[in-house]
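Asker: The structure follows.
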Amino acid sequence: MELSYLCFLLVFSTTTFLNVDASFTGTYGVNYGRIADNIPSPHSVVTLLKAAKIKNIRIYDADHEVLTAFKGSGIQIIVGLGNGLLKDISVAEDRAMNWINENVQPYIPGTHISGIAVGNEILGGTDVELWEALLPAAKNVYSALQRLGLAKSIEVSSPHSEAVFASSYPPSACIFREDVAQYINPLLEFFSQINSPFYINAYPFLAYKSDPEHIDLNYALFKKNAGIQDTKTNLHYDNMFDAMVDAAYFALEKAGFEKTEVIVSETGWASKGDENEAGADPKNARTYNYNLRKRLMKKKGTPHRPKMEVKAYIFALFNENLKPGPTSERNFGLFKADGSISYDIGFTGLVGPSAASSSLLNYKGLGLRGWFQSSHTWVFTSCAAVLFLMLT
């Protein structure tokens, strides 16, 4: 293919899709939790993610070792501003600026930090003081990004749990809790002004675990089943995941935010659990994550929003042996602590016990494939130079 034609394609695609939200590539992402003392190094994780062609991750802090390791990887990262920092950040914009200058600014643009998640599952939780701090903290983070000229490239958001809803069944009946509404409505107003999505942690596993006698396991696992009919909308749902996403859309519409996109910030299925944790086993975990990945790869919408592609971050990349709580909490990983797969959904685990051996996945000799990639890197660089001259 001639260089001039490739340049044309690059210029065309750039001018055509400038308004597309760049915080999420494709429809599939993973949460990279690290509450463990036995998981691979961040450099090995980059190799693992590249081999799996996973282009989006979320972390729950802004760990400097992780951000350094991801430099040049092209993988998009949403970093987390932890719940423990919210009250301090909410006090003044300068405190948000200090946090960004320490945890974001030094790593961009080499590391693709695409967003900052301000807190995690704040609203509906037990600490009402955090509810009050969430909006001012988010505003201060955004204002600091604006001052740095980063507000258009780094999204500000905050993921929520299902606890923000008063009811979510059937989907069309979903509304925000009355006590949460006074906090979430102004937050949604702010996020709509800055074009941020509504992030929801949606777990069919948790729903099934809480009521296995009345919830069809096949419905939770994307397997063949009778499904449910929402009699108000006459929409049919053949899986719980889609129903949960649409429930969020209905709640947003009733609150006046029908244009806000819903993205699933966490979903997954535990491969092991305590005796009272129904459904937590490797077979169900594999079935859910395999079928979910297949569903997301189709890039389709939901019954209520058929034209809006569903995007989701899977929880989680690894089993985390130091997480507190029931056994299930330590067994959500797509991969085991040694980097091998927990079960087969189409990914390849790390090869060998160390980062050095795992790097064989992608870099075992340059060969024809390496030359092909190198040639395209040269062509892309040349095209980028042409584009730069055109734009300037």
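The values are calculated or read from the model by the stated rules, or taken from the named source; none is laboratory data. Given the structure is predicted, the values throughout are model-derived calculations rather than measurements. No Cβ is skipped: glycine too gets one built from the backbone with ideal geometry, and neighbour counts run over all protein chains shown. Just so you know, the surface numbers come from the protein's heavy atoms only, side chains and all, with ligands and any DNA or RNA stripped out. Shrake-Rupley method; radii C 1.70, N 1.55, O 1.52, S 1.80 Å.
Asker: Among the residues that make up the range 104-119, is at least one of them free of Cβ contacts under 8 Å to residues at least 40 places away in the same chain, open to solvent by less than 30 Å² (accessible area, probe 1.4 Å) and among the polar types (S, T, N, Q)?
Answerer: No.
Asker: For Val46, state whether it is at pLDDT 95 or above, under 17 Å from the mean Cα position of the chain (by Cα), surrounded by 20 or more Cβ atoms within 10 Å (Cβ to Cβ) and closer than 17 Å to Ala151 by Cβ. Steps first, answer last, please.
Answerer: Values: at pLDDT 95 or above: yes; under 17 Å from the mean Cα position of the chain (by Cα): yes; surrounded by 20 or more Cβ atoms within 10 Å (Cβ to Cβ): yes; closer than 17 Å to Ala151 by Cβ: no.
Here the answer is no, as Val46 does not meet what is asked.
Asker: So how many residues does the range 255-271 have that are among the acidic types (Asp, Glu) and touching a residue at least 24 places away in the same chain (Cβ under 8 Å)? Before you say what the answer is, go through the steps one by one.
Answerer: Our first condition is that a residue be among the acidic types (Asp, Glu); within the range 255-271, this holds for 258, 261, 266.
From what is left, the residues that are touching a residue at least 24 places away in the same chain (Cβ under 8 Å) are 261, 266.
Within the range 255-271, residues that are among the acidic types (Asp, Glu) and touching a residue at least 24 places away in the same chain (Cβ under 8 Å) number 2.
Asker: Before we move on, is Gly74 under 30 Å from Arg293 (Cα atoms) and either open to solvent by 10 Å² or more (accessible area, probe 1.4 Å) or not charged (D, E, K, R) (or both)? Give the derivation first.
Answerer: On the way: under 30 Å from Arg293 (Cα atoms): yes; either open to solvent by 10 Å² or more (accessible area, probe 1.4 Å) or not charged (D, E, K, R) (or both): yes.
Criteria met by Gly74.
Asker: Quick one: which of Lys152, Lys224, Lys232 is open to solvent by 30 Å² or more (accessible area, probe 1.4 Å), more than 24 Å from Pro282 (Cα to Cα), in a loop (DSSP other than H, G, I, E, B) and out of contact with any Ser or Thr (no Cβ under 9 Å at 6 or more places or on another chain)?
Answerer: Working: Lys224 fails: more than 24 Å from Pro282 (Cα to Cα); Lys232 fails: out of contact with any Ser or Thr (no Cβ under 9 Å at 6 or more places or on another chain).
Just a single option satisfies the conditions, and that option is Lys152.
Asker: Same structure again: I'm checking my understanding of the structure. Among residues of the range 235-270 that are part of a loop (DSSP other than H, G, I, E, B) and open to solvent by less than 20 Å² (accessible area, probe 1.4 Å), which one is farthest from Asn185 (Cα to Cα)? Let's see the steps before the verdict.
Answerer: Residues of the range 235-270 part of a loop (DSSP other than H, G, I, E, B): 238-239, 255-261, 268-270.
Now narrow it down to the ones that are open to solvent by less than 20 Å² (accessible area, probe 1.4 Å): 239, 260, 268-270.
Values: Asn239: 29, Thr260: 12, Gly268: 28, Trp269: 30, Ala270: 33 Å.
The extreme case among them is Ala270.
Asker: Quick one: would you say Asn185 is assigned to a loop (DSSP other than H, G, I, E, B), closer than 18 Å to Gly256 by Cα, open to solvent by 40 Å² or more (accessible area, probe 1.4 Å) and not hydrophobic (A, V, I, L, M, F, W, C)?
Answerer: Values: assigned to a loop (DSSP other than H, G, I, E, B): no; closer than 18 Å to Gly256 by Cα: yes; open to solvent by 40 Å² or more (accessible area, probe 1.4 Å): yes; not hydrophobic (A, V, I, L, M, F, W, C): yes.
Taking the combined requirement at face value, the residue does not satisfy it.
Asker: Next up: State whether the residues of the range 162-181 include one that is outside any helix (DSSP H, G or I) and within 20 Å of the chain's Cα centre (by Cα).
Answerer: Restricting attention to the range 162-181, the residues satisfying the condition of being outside any helix (DSSP H, G or I) are 165-170, 174-177.
Add one more test, that the residue is within 20 Å of the chain's Cα centre (by Cα), and what stays is none.
Checked the range 162-181: no residue is outside any helix (DSSP H, G or I) and within 20 Å of the chain's Cα centre (by Cα).
Asker: Of the residues Tyr199, Tyr208, Tyr169, only one is out of contact with any Cys (no Cβ under 6 Å at 6 or more places or on another chain) and within 23 Å of Val79 (Cα to Cα); which?
Answerer: Exactly one of Tyr199, Tyr208, Tyr169 is out of contact with any Cys (no Cβ under 6 Å at 6 or more places or on another chain) and within 23 Å of Val79 (Cα to Cα), namely Tyr199.
Asker: Inspect all residues belonging to the range 139-149 and state whether any of them is in contact (Cβ under 8 Å) with a residue 60 or more places away in the chain and surrounded by 14 or more Cβ atoms within 10 Å (Cβ to Cβ). Talk me through it step by step, then tell me what you get.
Answerer: Applying the first criterion (in contact (Cβ under 8 Å) with a residue 60 or more places away in the chain) to the range 139-149 yields 141.
With the extra rule that they be surrounded by 14 or more Cβ atoms within 10 Å (Cβ to Cβ), the set shrinks to 141.
Yes: the range 139-149 contains one or more residues that are in contact (Cβ under 8 Å) with a residue 60 or more places away in the chain and surrounded by 14 or more Cβ atoms within 10 Å (Cβ to Cβ).
Asker: State which residue is farthest from Met97 (Cα to Cα) when the search covers only the range 155-182 and only residues that are open to solvent by less than 60 Å² (accessible area, probe 1.4 Å) and acidic (Asp, Glu).
Answerer: Checked the range 155-182; the qualifying residue farthest from Met97 (Cα to Cα) is Glu162.
Asker: Next question. From the residues in the range 284-310 that are among the hydrophobic types (A, V, I, L, M, F, W, C) and not in a loop (DSSP other than H, G, I, E, B), which one is farthest from Tyr249 (Cα to Cα)? Outline the logic, then answer.
Answerer: Restricting attention to the range 284-310, the residues satisfying the condition of being among the hydrophobic types (A, V, I, L, M, F, W, C) are 285, 292, 296-297, 308, 310.
From what's left, not in a loop (DSSP other than H, G, I, E, B): 285, 292, 296-297.
Values: Ala285: 26, Leu292: 19, Leu296: 18, Met297: 21 Å.
The extreme case among them is Ala285.
Asker: List the pairs whose first member sits in the range 179-207 and is more than 15 Å from Pro136 (Cβ to Cβ) and β-branched (Val, Ile, Thr), whose second member is open to solvent by 10 Å² or more (accessible area, probe 1.4 Å) and not in a helix (DSSP H, G or I), and whose Cβ atoms are under 8 Å apart, counting only residues at least 6 apart or on separate chains?
Answerer: Every condition considered, the pairs that remain are Val180/Gly124; Ile200/Ser161.
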